[in-house]
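Peer 1: Below you will find the structure I want to go over with you.
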Amino acid sequence: MPYSYDDQNIFAKILRGEIPNNTVLETEHTLAFNDIQPQAPVHVLVIPKGAYVCHDHFAAEASEVEIIDFIRATAKVCEMTGVSPGDGQSGYRTISNAGEAGVQDVPHYHLHILGGRGLGRMIS
Ligand code: 5GP
């Protein structure tokens, strides 16, 4: 599926260092930083450094190295922020909005990690 990446989006600017961010974790292929308008005590955005619009674009075109790095960085952030249930903590939710129906505001692939409070049931 063809995707056109807009390199003027806010996360591209963060990756280029044009605007600041509150970095939680940086790896070779992934950056994680605190959301500017947190919806929970823990609200971290995890983004690949590559130019991917949304999840299926990333899944189709990123290398396996980038994908593994992204998944492991996401788990590391959960561990670092104390929400990983593997550590006996309270748990978390990941969300990735995609496209218009998914109400994706920033057209650079990102995963929201939300935790630090009871999140309620989203899908019944
Ligand atoms: P989306 O609706 O695209 O899934 O979520 C975009 C997220 O990016 C929102 O939660 C919003 O608060 C966050 N955001 C937008 N601009 C900035 C920014 O300049 N810095 C940071 N850290 N987060 C931002």
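Peer 1: Mind listing whichever residues of region 106-118 are within 15 Å of the ligand (Cβ to nearest atom) and over 13 Å from the mean Cα position of the chain (by Cα)? Before the answer, list the steps.
Peer 2: So in region 106-118, the residues within 15 Å of the ligand (Cβ to nearest atom) come out as 106-115.
Hit for region 106-118 is GLY115, nothing else.
Peer 1: State which residue is surrounded by the most Cβ atoms within 10 Å (Cβ to Cβ) when the search covers only region 1-30 and only residues that are away from the ligand (no atom under 12 Å from the Cβ) and in a strand (DSSP E or B). Don't jump to the end; show me each part of the working.
Peer 2: Just the residues of region 1-30 that are away from the ligand (no atom under 12 Å from the Cβ), to begin with: 1-8, 16-17, 25-30.
Imposing the further condition that a residue be in a strand (DSSP E or B) reduces the set to 25-26, 30.
Working: LEU25: 17, GLU26: 13, THR30: 24.
Within region 1-30, the match that is surrounded by the most Cβ atoms within 10 Å (Cβ to Cβ) is THR30.
Peer 1: Can you work out which of the residues in region 31-49 that are of a type in the set (S, T, N, Q) and in a loop (DSSP other than H, G, I, E, B) is farthest from the ligand (Cβ to nearest atom)?
Peer 2: Of the residues in region 31-49, the ones of a type in the set (S, T, N, Q) are 34, 37, 39.
Okay, now just the ones that are also in a loop (DSSP other than H, G, I, E, B), so 37, 39.
Working: GLN37: 4, GLN39: 7 Å.
Here the answer is GLN39.
Peer 1: Could you say whether any residue in region 31-50 is farther than 20 Å from GLN104 by Cα, modelled with pLDDT of 95 or more, surrounded by fewer than 18 Cβ atoms within 10 Å (Cβ to Cβ) and not aromatic (Phe, Trp, Tyr)?
Peer 2: Looking through region 31-50, at least one residue is farther than 20 Å from GLN104 by Cα, modelled with pLDDT of 95 or more, surrounded by fewer than 18 Cβ atoms within 10 Å (Cβ to Cβ) and not aromatic (Phe, Trp, Tyr).
Peer 1: Kindly check whether there is at least one residue in region 79-87 that is more than 12 Å from the ligand (Cβ to nearest atom), in a helix (DSSP H, G or I), surrounded by 19 or more Cβ atoms within 10 Å (Cβ to Cβ) and touching a residue at least 24 places away in the same chain (Cβ under 8 Å).
Peer 2: Keep residues of region 79-87 that are more than 12 Å from the ligand (Cβ to nearest atom), which gives 79-87.
Those still in the list that are in a helix (DSSP H, G or I) too: 79-80, 85-87.
Checking the rest, the ones that are also surrounded by 19 or more Cβ atoms within 10 Å (Cβ to Cβ) come to none.
No, the conditions are met nowhere in region 79-87.
Peer 1: Would you confirm whether or not region 89-109 contains a residue that is closer than 23 Å to ASP6 by Cα, buried (at least 18 other Cβ atoms within 10 Å of the Cβ) and touching a His at 6+ places or on another chain (Cβ under 8 Å)?
Peer 2: To start, the set of residues in region 89-109 that are closer than 23 Å to ASP6 by Cα comprises 95-109.
Add one more test, that the residue is buried (at least 18 other Cβ atoms within 10 Å of the Cβ), and what stays is 107-109.
Those still in the list that are touching a His at 6+ places or on another chain (Cβ under 8 Å) too: 109.
Checked region 89-109: at least one residue is closer than 23 Å to ASP6 by Cα, buried (at least 18 other Cβ atoms within 10 Å of the Cβ) and touching a His at 6+ places or on another chain (Cβ under 8 Å).
The values are calculated or read from the model by the stated rules, or taken from the named source; none is laboratory data. All figures in this text were calculated on a predicted structure; none of them were measured in a lab. Every residue, glycine among them, receives a Cβ derived from its backbone with ideal geometry; neighbour counts consider all protein chains shown.
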